[in-house]
Amino acid sequence: MTERRIAARYAEALFALAQQTQAVAHLRGELEELAALLQQTPHLRALLERPDLPTAWKRQALREALGQRFSEAIMGLLSVLVSHQRGDALAQVAETYRDLADEAAGVLQAEARTVVPLTDEQRVRLTAALQHLTGRQVRLEARTDPAVLAGVRVQVGDRLIDGSAAGRLARMREELLQELGQNR
């Protein structure tokens, strides 16, 4: 089973619990906070990922370090991940949980790729345009990609909106090849 699928199982279980207790948004915030904390704290991340430390010791150390900051649901998730030697999956669990919460709320996920980072104003305008186009709320992730050359390439669900220079060049190339094939 792939790491992504394993993380998805933990996220799905936590999401089901969150729905039952009407705490979807709250647990999402906690998971995002915990994932950011792990990203910023290499020692904490190493504690989660080390297979040579006893499980009970790791769970106790995590409870002492984080128990006051996070809910029982999140601490329970950490305990289960540590028990199954899956502490390294927490970031993926948080990402999958976020996707589940967005889907349940009817929020579309979009990814914009540009050669240079988008400004805040460009992000706002692009998000508004995508919301107008889809008729739904959109959560936009922006990434830089030198292969875009110029313009923007946006993936919204299964739909690709390619306004990049690389995309235009590829379409022109296909048109030329078709034209050459017809003239033979």
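The values are calculated or read from the model by the stated rules, or taken from the named source; none is laboratory data. Fair warning: this is a prediction, and the values are worked out from it, not measured in the lab. No Cβ is skipped: glycine too gets one built from the backbone with ideal geometry, and neighbour counts run over all protein chains shown.
Remarks
- Some residue of the stretch 58-76 being under 18 Å from the mean Cα position of the chain (by Cα) and surrounded by fewer than 13 Cβ atoms within 10 Å (Cβ to Cβ): no
- Verdict on residue 98 being modelled with pLDDT of 90 or more and in contact with a strand residue (DSSP E or B) (Cβ under 9 Å, 6 or more places away or on another chain): yes
- Any hit, the stretch 82-97, residues being assigned by TED's automatic domain parsing to the domain that holds residue 29, farther than 18 Å from residue 44 by Cβ, surrounded by 15 or more Cβ atoms within 10 Å (Cβ to Cβ) and of a type in the set (A, V, I, L, M): no
- All conditions but one from (1) surrounded by fewer than 14 Cβ atoms within 10 Å (Cβ to Cβ); (2) touching a Phe, Trp or Tyr at 6+ places or on another chain (Cβ under 8 Å) apply to residue 144; the one that does not is (2).
- Candidates are the residues of the stretch 78-100 that are charged (D, E, K, R) and within 10 Å of the chain's Cα centre (by Cα); the one that is farthest from residue 16 (Cα to Cα) is 95.
- Applying a threshold of 6 Å to beta carbon distances and a minimum spacing of six or more residues, or different chains, the list of pairs starting in the stretch 102-117 at a residue that is without any contact (Cβ under 8 Å) to a residue 60 or more places away in the chain and surrounded by 14 or more Cβ atoms within 10 Å (Cβ to Cβ) and ending at one that is hydroxyl-bearing (Ser, Thr, Tyr) and part of a helix (DSSP H, G or I) reads 108/134.
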